[in-house]
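> Okay, handing you the structure first.
Here, each number is a calculation from the coordinates, and none is a lab measurement. Remember, predicted model here, so these are calculated numbers, not experimental data. In this analysis, Cβ positions are derived from the backbone assuming ideal geometry, glycine residues included, and neighbour counts consider all displayed protein chains.
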Amino acid sequence: MENFVVSARKYRPATFNSVVGQPSITSTLKNAIRSNHLAQAFLFTGPRGVGKTTCARILAKTINCRNLTAETEACNECESCRAFNSSASFNIYELDAASNNSVDSMRTLIDQVRIPPQDGRYKVYIIDEVHMLSSQAFNAFLKTLEEPPAYAKFILATTEKHKILPTILSRCQSYDFKRITVDDIVHHLNWVASQEGIDAEQDALHIIARKADGGMRDSLSIFDQLVSYTGNHLTYQKVIESLNVLDHEYYFKAVDLLLAADSAGIITLFNQVIESGFDGQHFINGLGDHLRQLMLSLNPETLKLLEAAASIKQLYAEQVSRCSLQFLLQALDIVNKCDIDYRISNNKRLHIEIALLKMSRLVAAPEPALPTRPAPVSSPAPPPPRAAQPSSAPAPSPSATTPVQPGPSQATPPPSQAQPVQAQPASQPPRGMMGAAFGVGLKSIGVPKETKSDAEPAIEAEKRTPFSQEQLDAVWSEIVNSIPRDQVTYHLALSGSKPQLTENFVIEQRVDNKMQEEALMEHRPEIYQTLRQRLNNNVLQIQVVVSPQAEKAKVYTPVEKFNRMAEINPALNDLKTRFDLEIEG
């Protein structure tokens, strides 16, 4: 019985032209051989399975070939090529640095370098996973690498370039191998399938290529595994079953449910995914990738970045025609935050379901924008000026202009009269006044959007109620006191300086650094809600200013540190006085 050889070894490239996905590197190496400008040492870096060791072997074989072809490839006929193909060449040495990482191993290598080749032009030393060498081994190897004999060439290969000493890097020509694209992997898998007599669907090969994450060796290993499972007919359905990959139909259906604001449907779909044995984070990551593919489909310039088969691209094009960029960006943001917090969540399933419910409300119930009406009333006006309303407001009916005859949506006199609101500071306000007293619109208290009563301009005027700096400071202090103790940066952003009320209800808050600015911006909706409710003004704005001098580092003396701490906690002064303590320095 013939031994089985895995595809990664059976179809390993033997020439520069057969290397997949690295044209710039192979062209450079061929030109260097053709012009006899070979460096003394090469460093091949990049992810796993992209051709580093393969190119090292091809380079070693080619530079020792006696009859190079016109395309600067090895002839495979001379004695050196035949010896290399049969793994019997005495001029090419492969060393695994993972198991030979000591100084003694380097000393043995240095002793071998001193002996010239008996047959051929060069002795080539391929050191794989060179980052595994110890610092002492690197230092022992340094002198030989810098000034080797003319017949010695070194090819170092690694996946972690940052672990190599800079002194080694400076003595090598560095070649950075890139990840192989999905299209290149699919093209190569098609060729392997044709060589093996296997019927493979394009969608199935695309799944394999994306699963390999840019590595050709990984894709060929997955290909062999799936061929063992499916036989000579590789189908899309069999591939997703074997690789535990969710069908793209799940994600297309999920986005359709989100666009339809079907909260029950998206939760039911997620339940089907969980019952099928898939992990919740696996689903949310796949949904994020699907949303990214949709976003790429919006623009013809980014459409080429779409990694999918032609039939799947058609589905993306159809679905993205019903999506807006705003929806995709907001949904991606929710998915990203869900993925980040997934590991620290105690109830992981509920965590994902909340994210799905948030996304299902992006289209149906977006956040209401602040009203920007022309010529609003800047302060509560007495009843007589109500006739002089802006022309954009609906014309009031005769009954509505009479204060003693409120409209159907008014349970009390209109808020523009202001006296009833001020007369009830300590008691529960009437039901009809809840919207005006806490700064919510008519939609919030159940009045349909289409039915606008005469009191709407007056409620708008009430939401523009002027307020003083003292009132702002009082509400601001309440917000600061309500911040949890663990949110230190957010607390410092609000308590570091007092807010300043400027023109047009703009509140200027100074912070010390960018971190405080980000913390304040993250909690800005909560601050807006509290300020607008307590100050009865829904047009106020917060402007965050980072102090220029605060970005510079400042050194505090121990006394200054204590004084600052005492400002936050006055009990420290009592402690210092009671025990007669002194501050050193």
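> With just the Cα atoms of segment 117-252, tell me how far they stretch along each of the three principal axes, in Å, largest first.
59, 38, 22
> With contacts defined as alpha carbon pairs under 8 Å and 6 or more residues apart, what's the relative contact order of segment 70-143 in percent?
The value is 40 percent.
> Could you tell me the center-to-center distance, by alpha carbons, between segment 10-54 and segment 287-327 in angstrom?
35 Å
> Okay, moving on. Got a sec? How would ILE222, ILE542 order by Cβ neighbour count within 10 Å, fewest to most?
Ascending number of Cβ neighbours within 10 Å: ILE542, ILE222.
> Continuing with the same structure: Would you mind counting up the charge near PHE283? Only other residues with Cβ under 14 Å from its Cβ, with Lys and Arg at +1 and Asp and Glu at -1.
It works out to a net charge of -4.
> Could you give the spread of the C-alpha atoms of segment 7-176 along their three principal axes, from largest to smallest, in whole angstroms?
Taking max minus min along each principal axis of the Cα atoms, segment 7-176 gives 43, 35, 31 Å.
> Now a separate question. Based on other C-beta atoms within 10 Å, arrange ARG12, ARG292 from fewest to most.
Going from sparsest to densest Cβ surroundings: ARG292, ARG12.
> With an 8 Å cut-off on Cα pairs and a minimum separation of 6 or more residues, tell me the relative contact order of segment 1-66 in percent.
It rounds to 37 percent for segment 1-66.
> Follow-up question, since we're still on this one. Report relative contact order for segment 1-145 in percent, whole number only (criteria: Cα-Cα under 8 Å, sequence separation at least 6).
21 percent
> If we sort 143-150, 568-575 on the protection proxy, mean other Cβ atoms within 10 Å, highest first, what's the order?
So the peptides 143-150, 568-575, ranked by packing, come out 143-150, 568-575.
> Mean 1/r over all different Cα pairs, inverted: what Kirkwood radius does segment 48-141 give, in Å?
Across segment 48-141, the inverse of the average 1/r is 14.4 Å.
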